[in-house]
């Protein structure tokens, strides 16, 4: 086993459709707060910018769910790969 | 609770008599001060011996020890002023017993002199320096539980009491109402951190509609602020996510939280009401952060906890009990209180009247309004008698959660017909049938259209968004609507809710995640296979869905934003080791250059070297790189970027003859010699002269005439320390040069570099810390002992050149007490030189017992 690294306290956006993530990444307000995609449906967000990203997503007409910790469940089928 | 000083450090601050008294308590023979300290130190650090004696300690001493052990340091004056919390008798006696046995230690007192037991009887004013006390760790670990105190309080026979029909959970319901009002109004917070007057009035008005008086609202505001259920955000008071967690606790737990916060609250709101004239003095004599500040509340709570469960007591009897326990609870016996009240005549009569007018009313209010409102006590016979409720036993005595309430979660729905949901998304709520929680949810998820007894709300996408932001799940709100409505929800409303729920699940923002990254895909797959709690995301990442983390080699924290992360690498490359780079670093760098990953996972970055791009803003690029780099960028980056951008950085080559002298003075003198200007072309730095082409023989001749020899040397050319302005000119490559060996200079340099090396490697650079401070006399004793036993000493020394005390390790050699002022001769490990330290300027001292020299 090689080295492993823990990213602690990171925020993630998970979407059910990769196209949705593309739309989010193309938004000029949200883009500066995002990192590189870690999968087709998942992208890291700067923890301090979560509230701003959530506001922007709502302004774009979405209703994002915000879960505080990684223990909460995501509905089946909506999980990122 | 961590203690800041060792037993020895404290005992060193005691005077000889006190140490003798301590020795006598432990049955030790009285010897010299040093021997006494050593014997006591051994005993007090032995938990077995301490436990043996503690088992026979009086009850009030044990209660005192528990009280003191809750604080890292507590002042003597403060602990003496709250005697009611541990004894009903003289406050000094339990403390004397604890001090004489060393169960409580006095911290070093700086320049205030040695501690004596007679200090206990001194009268301390609020701003007087009073000894600081703490319980050493060896005592804390074996401290037996404090025995319950039994007080003789007359009881009221059961048959004569008619319980009042008061709700037992009024305060928790009121706090839920307060959260709802904050949700609705979102009062503005002014620059002075107070609520905007108009908004606060609106909150008060709304509160009056649901039966909460303004006094209770002010108290609730303070309590909920302390519980972090409400907080300022963008200039407005809002309900925090913490409130959601708190609301979901059981009723008993919430009441207990409110009670504890009420006891710990230091805002003295009650005093402003019941002692309007003395408020400023009480505020000054019970400063924030002391036990005295909250004593009047804690004393009542403590005495409540000594009462029998389910027995009725008269309110007046309980107030008298407080008076008997400590009449001075609110400074009634202090002369300033009588002066402020313009007391005349018999002072005893005045005190009696003052107690009835102020203290008695305060405690009656506290019992009837606060304790009864929180469900701690139940009132009877129209508020004249009371008894502890199961909730009160749980809150005051730490008993298990009352069975009747342990499973009770907050009721979110009201009666089955509390609301009517209409197809046009309007909700009619009958407020008399709605619980505070249901009203709060409606206010969070709906727009209020018409207020009143039958309030009309409307559900819109915007209001749903607002409700989601409050932290309550949308599914939960739908369930609340279904349960509170007598009829099924209209189909179109249900469909719309399904759409919203589907939309919510399309995007999930997870915060505070624990994401494990592997170097290779294979490792990630293996890890996911072996651990059910890890969910594979993409190819190399795993989301940890459990609080138990797998073993990881390194942790990257996201608590700090924009901290530098790059390190200089080969050439113009910069690198970020795999252990350090986070998921946003690549985004920050992609506009500045090209990125690649090394086989070991390190991120390699090469800045864009393009003349056109760099022409105007190479300096900006350099600044950006500097801000991303953990160490100052080496000069090659700057030079290289400038060279690429401007293209005019040229190195010129030429062969010359150089003559180097061992000191700048000789070089200066040679420059001034008659005829030397024809042979010398110029000067390089302070030591070296450049000889004109084919003029070396002429220069040699001139120098020889002045007794200076010139010899050829192949030794390493330059080891001179850099002097201002010289570094750029220095030549570092040895060549076939003519030189005078600078042996002395070399020695000096070697000594300097050795000293430098020692500074960097020695232990003499400890982090700034709080060191015990003593009077000069005690300091002298400690140093003499350290010199005798050859122990290293850590001191905080305030030199005359600096206003800040500098911490350093020294090897003490000799005390010179005949000098004025007395000094310590020592070897400073930080500077690596012998130094003299004035005793009066040593601000803290700690003998490093394990380090000898």
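In terms of Cα atoms, the Rg and Dmax of the protein assembly as shown work out to 38.3, 127 Å.
The calculated FRET efficiency for the pair residue A:29 and residue B:798, based on their C-beta separation and a Förster distance of 45 Å, comes to about 0.25. If I take R0 = 51 Å and measure r between the Cβ atoms of residue B:260 and residue B:831 in this structure, what FRET efficiency does the formula 1/(1 + (r/R0)^6) give, to the nearest 0.05? It comes to 0.50. Against the longest alpha carbon principal axis of chain B, how many degrees, from 0 to 90 and to the nearest 10, is the axis of helix B:214-226 turned? Tilt relative to chain B: about 40 degrees. Between residue B:92 and residue A:52, the modelled labels are 6.3 nm apart [label points 7 Å from Cα along Cα→Cβ].
Compute the convex hull volume of the Cα atoms of chain B, divide it by the residue count, and report the result per residue in Å³ as a whole number.
Hull volume over Cα atoms, normalised by residue count, gives 298 Å³.
Label positions at residue B:608 and residue B:596, each projected 7 Å from the Cα along the C-beta direction, are separated by 1.9 nm. When only Cα pairs below 8 angstrom with a gap of at least 6 residues are kept, the range A:11-59 shows a relative contact order of 41 percent. Measuring nothing but how far apart in sequence close Cα pairs (under 8 Å, 6+ apart) lie, relative to its length, chain B scores a relative contact order of 8 percent.
Compared with the dominant Cα axis of chain B, that is its longest principal axis, helix B:635-646 is turned about 80°.
Given the Cα-Cα distance of residue B:570 and residue B:308 and 0.36 nm per residue of separation, how much length would full extension add, in nm?
86.5 nm
Potential lengthening of the chain between residue B:123 and residue B:454 amounts to 112.8 nm, from the contour at 0.36 nm per residue minus the alpha-carbon distance.
Modelled label positions at residue B:579 and residue B:280, each set 7 Å beyond Cα in the direction of Cβ, lie 6.0 nm from each other.
Could you sort B:66-77, B:514-525 so that the peptide with the highest average Cβ count within 10 Å comes first and the rest follow in order? Please report the intermediate quantities before stating the final value.
Working: B:66-77: 17.9, B:514-525: 19.8.
Most protected by this proxy first, the peptides run B:514-525, B:66-77.
When the helix-only estimate is applied to the protein assembly as shown (DSSP H runs of n ≥ 4, each -39,500 (n - 2.57), divided by the residue count), what is the mean residue ellipticity at 222 nm, nearest 500 deg cm²/dmol? Taken over the protein assembly as shown, the calculation gives -11500 deg cm²/dmol. Taking only the alpha carbons of the range B:1-106, we obtain Rg and Dmax values of 13.6, 39 Å in that order. Just so you know, the Cα atoms of the range A:11-59 work out to an Rg and Dmax of 9.6, 25 Å. Relative to the longest principal axis of the Cα atoms of chain B, the long axis of helix B:315-325 lies at roughly 40 degrees. Annotation: peptides B:34-42, B:92-100, ranked by per-residue average of other Cβ atoms within 10 Å with the highest first, follow the order B:92-100, B:34-42. So, R0 is 30 Å and r is the distance between the beta-carbons of residue B:816 and residue B:30; what FRET efficiency does that work out to, to 0.05? The computed FRET efficiency comes out at 0.45.
Each reported figure results from applying straightforward, stated rules to the coordinates on display, with no laboratory input. Remember, it's a predicted structure, so these values are computed and weren't measured experimentally. Cβ atoms come from the backbone with ideal geometry, glycine included; neighbour counts cover every protein chain shown.
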